[in-house]
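Heads up, the thing below is written out as structure tokens.
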Amino acid sequence: MIRLQKQLGESYTNASPQELDARIGAAKERLGDSLLILGHHYQRDEVMKWADSRGDSLALSRFAAASNTAKYIVFCGVHFMAEAADIITGPDQQVILPDLNAGCSMADMADTEDVELAWEEFSRVADIDNFVPITYINSAASLKNFVGRRGGSVCTSSNARAVLSWALEPLRGSDSKKVLFVPDQHLGRNTAFQLGYEARDMALYDPRLDNGGLDEQAIKESTVLLWKGYCSVHQRFTVDQVKSFRDAHPGGIVVVHPECPHEVVELADAVGSTDFIIKTIDQAPEGTDIAVGTEIHLVNRLANEHPDKNVVSLDPLVCPCSTMFRIDPPHLCWVLEGLVEGEVRNRITVEEEVAEGARLALDRMLSIS
Ligand code: 13P
Ligand code: SF4
């Protein structure tokens, strides 16, 4: 989704890195406790160094929910994360995204109207009361609202297993219960496999095809209906890359994010969220060769923080998340200086009617995990 980010003036675009650092530092000091800067692990180092708290999507939601003193939450991450923070923080708190064009291409793959249409299609062939919708946190607030109002939950990469179990566990043994998992097919598939489901229990719903490309029997016989969305960064990791790394480093380990394709996850030694990847590398013995299947800014940071280990990207042709990369020191400086001048720039708000249902889905997730 294209959002209109105002062009920054020359005092930001022409400023040197040292000048920007000094100005960001001064504004941060002036704002004191009224400001909380949150940074997702995929942020570039020049931005990340200013974060008061760093985390994966789940941890950042928790930091936002617990931050009752900060009046301004500057979210160095992407749009869906800032929306989620606005939904779970208090009415006196304002959430700011330094660059409005920092979206998530995966979140954009699940248009809420398309999901509503799919739901209608399912209701024509099966008992819709048996369906539980689950949306990955990488989705628009309107989709979270849809899910929350239908008894479903949000999940993140670190609690997808707990949330899918919550949706299906009491129902195991019954072949009539189902989950619609949106928008990341890979996270949904990897999690369902972890829980012991098989390929025949899953079906892929393609929103570009009539009825998602599924016939009545496929909908009736599947337990997990996966939306055909993906992350362009993580979908690039391949089985051949795992094999080449293992050939070169027979004792090495492969750690990947669950947004990677299932064939890659199957061959990996460990799979988990960005926080999990960080912990796994922290705990690996000195001298370990580690190939990491996730966004390159995090991989490079881990390599720098662990000079005693050989941390490399699983994909030699590294792929950054271009939308996370939009948050840079000039935009961070611009929003902070705006706050010092009493102007809130790039506030992210979710209207209450939408926030109400979305909050149900987010609160359900926070109580499950
Ligand atoms: P994490 O919740 O693991 O940080 O993942 C967020 C994300 O967008 C990964 O691409
Ligand atoms: Fe979205 Fe992929 Fe970027 Fe994560 S890495 S924010 S899923 S595009």
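Worth pointing out:
- Test: Ala118 is part of a loop (DSSP other than H, G, I, E, B), over 15 Å from Ala141 (Cα atoms), among the small types (Gly, Ala, Ser) and touching a Phe, Trp or Tyr at 6+ places or on another chain (Cβ under 9 Å): no
- Output for the range 17-31, where each listed residue is surrounded by fewer than 16 Cβ atoms within 10 Å (Cβ to Cβ) and basic (Lys, Arg): Arg30
- Residue, nearest to ligand 2 (Cβ to nearest atom), within the range 141-163, restricted to residues that are open to solvent by 10 Å² or more (accessible area, probe 1.4 Å) and not in a helix (DSSP H, G or I): Ser157
- Val47 meets the conditions (1) buried (at least 20 other Cβ atoms within 10 Å of the Cβ); (2) closer than 23 Å to Ala162 by Cβ in every case but one. The failed one is (2).
- Among the residues of the range 338-360, just one is touching a residue at least 24 places away in the same chain (Cβ under 8 Å), in a helix (DSSP H, G or I), open to solvent by 20 Å² or more (accessible area, probe 1.4 Å) and over 19 Å from Thr135 (Cα atoms), namely Val340.
- Looking across the range 97-109, the residues that are of a type in the set (Gly, Ala, Ser) and either surrounded by fewer than 23 Cβ atoms within 10 Å (Cβ to Cβ) or more than 16 Å from ligand 2 (Cβ to nearest atom) (or both) come down to Gly103, Ser105.
- Some residue of the range 111-118 being open to solvent by 10 Å² or more (accessible area, probe 1.4 Å), over 30 Å from Asp52 (Cα atoms) and at pLDDT below 95: no
- Within the range 273-285, the set of residues being open to solvent by 10 Å² or more (accessible area, probe 1.4 Å) and in contact (Cβ under 8 Å) with a residue 40 or more places away in the chain comprises Asp275, Phe276, Ile278.
- Applying the condition of being in contact (Cβ under 8 Å) with a residue 12 or more places away in the chain and over 16 Å from Leu97 (Cα atoms) to the range 64-79 and asking which residue is most open to solvent (accessible area, probe 1.4 Å) yields Asn68.
- Only one of the numbered conditions (1) within 25 Å of Asn138 (Cα to Cα); (2) modelled with pLDDT of 95 or more; (3) in a loop (DSSP other than H, G, I, E, B) is not met by Pro320, and that is (2).
- Flag not set for Ile290, criterion: in contact with a strand residue (DSSP E or B) (Cβ under 9 Å, 6 or more places away or on another chain), within 15 Å of ligand 2 (Cβ to nearest atom) and at pLDDT 95 or above.
Residue-wise test of (1) among the small types (Gly, Ala, Ser); (2) open to solvent by 10 Å² or more (accessible area, probe 1.4 Å).
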{"position": "Asp33", "(1), (2)": "no, yes"}
{"position": "Ala51", "(1), (2)": "yes, yes"}
{"position": "Thr89", "(1), (2)": "no, yes"}
{"position": "Val95", "(1), (2)": "no, no"}
{"position": "Glu120", "(1), (2)": "no, yes"}
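- Complete set of residues in the range 90-116 that are farther than 30 Å from Cys333 by Cα and either of a type outside the set (A, V, I, L, M) or touching a helix residue (DSSP H, G or I) at 6+ places or on another chain (Cβ under 9 Å) (or both): Ala110, Asp111, Thr112, Glu113, Asp114, Val115, Glu116
The values are calculated or read from the model by the stated rules, or taken from the named source; none is laboratory data. Predicted, not measured: the structure shown is a model, and the values here were computed from it. Cβ sites come from the backbone with ideal geometry, for glycine too, and all protein chains shown count toward neighbours. Just so you know, the surface numbers come from the protein's heavy atoms only, side chains and all, with ligands and any DNA or RNA stripped out. Shrake-Rupley method; radii C 1.70, N 1.55, O 1.52, S 1.80 Å.
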